[in-house]
Amino acid sequence: MADSEGRPAMHLHRSREVRALSRLPIASPALEDALLESRFPAGSRIHAVAPGGEDPRLVVDGVPWRGGRADHRPNAPRRVREHVAIAAGAWDFQLDVEGFWQVHREAPGVLVDAVLRRVGDASSVLDLYSGAGLFTVALASQGRAVTAVESDARASRDARRNVHALPGASIVHGDTRAFLESGPTGVDAIVLDPPRSGAGARTVDAMAAVGARRLVYVACDPVALARDTALLHAHGYRLTEAEGFDLFPMTHHVESVATFERD
């Protein structure tokens, strides 16, 4: 956000106090310069990204920012491109400049690799909380039938663009729990990457009823993962493996990927 003088700023941890930034070491140098050298309307919300291979992009209160001012042109660019490459393959993605993407430049590849290794030989996969299709694209490109479920309309639109050349992938824009309660069948494995609050009891109940033998759970909060692990255990799912990844430099956050199996 911008402080009262238009400088890029942040709230102090667990506080309403806003403090101007003098440096931003977590950002790429080009993005840090783009932010710190600019001034914005007081109190505005600033969204800043540095897509791979592109110049930094700023969006202020939902409007693209260009040359130090709002770009209100109807065709003002809002899309960014990302490339993910690992040993198993390489994929290109497009998404809205304000769409969700991992903060760490290497995080998408690290997580895709972790998910692909854990899904095993499953031929039919549900990708829950699928966002712009990061896991969907990688899974479907290996010839799997993948149904991706995402409640955010913008992310769903991005996902449809990203899977357009993959006939085995389908995108469902809707609530995850409602989709699960509709009774999908023939599912070998489920991949889920829920928000920080985790899946929760009712969604775990609905997910267990689908009957998939394997779950791959990508979690950004260990406490929520621990709670959902107990809930899954009550449905007969065993935690067979869990691994932590330090994908958020200079913070206390840890990403986890856990595998659950049921006989």
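The set of residues from region 101-122 being surrounded by fewer than 16 Cβ atoms within 10 Å (Cβ to Cβ) and either without any contact (Cβ under 8 Å) to a residue 12 or more places away in the chain or at negative phi (or both) comprises V103, R105, E106, R117, D121. Checked against the criterion of being in contact (Cβ under 8 Å) with a residue 60 or more places away in the chain, touching a Phe, Trp or Tyr at 6+ places or on another chain (Cβ under 6 Å) and at negative phi, region 161-184 contains one or more residues that satisfy it. If you scan region 116-126, which residues turn out to be assigned to a helix (DSSP H, G or I) and either closer than 14 Å to A212 by Cβ or not assigned by TED's automatic domain parsing to the domain that holds G211 (or both)? Of everything in region 116-126, those that are assigned to a helix (DSSP H, G or I) and either closer than 14 Å to A212 by Cβ or not assigned by TED's automatic domain parsing to the domain that holds G211 (or both) turn out to be R118, V119.
Looking across G89, G68, G52, one residue alone is under 20 Å from the mean Cα position of the chain (by Cα) and not assigned by TED's automatic domain parsing to the domain that holds S156. It is G52.
Within region 46-69, the set of residues being surrounded by 18 or more Cβ atoms within 10 Å (Cβ to Cβ) and small (G, A, S) comprises A48, A50.
Out of V149, V137, V172, one residue alone is part of a strand (DSSP E or B) and either charged (D, E, K, R) or surrounded by 23 or more Cβ atoms within 10 Å (Cβ to Cβ) (or both). It is V149.
Right, V172: farther than 27 Å from V223 by Cα, assigned by TED's automatic domain parsing to the domain that holds T240 and modelled with pLDDT of 95 or more or not? Yes; evaluated as a whole, the condition is true for this residue.
In summary, strands (runs of 3 or more DSSP E) completely within region 184-257 and bearing 3 or more residues that are within 15 Å of the chain's Cα centre (by Cα) and surrounded by 12 or more Cβ atoms within 10 Å (Cβ to Cβ) occur at 214-219. Could you identify the single residue in R45, R23 that is over 23 Å from the mean Cα position of the chain (by Cα) and outside the structural domain of A159 (by TED's automatic domain parsing)? One residue alone meets the criteria, R23.
The values are calculated or read from the model by the stated rules, or taken from the named source; none is laboratory data. Quick caveat, the model's predicted, so the values are computed rather than measured. All Cβ positions, even for glycine, are placed from backbone atoms using ideal geometry, and neighbour counts span all protein chains on display.
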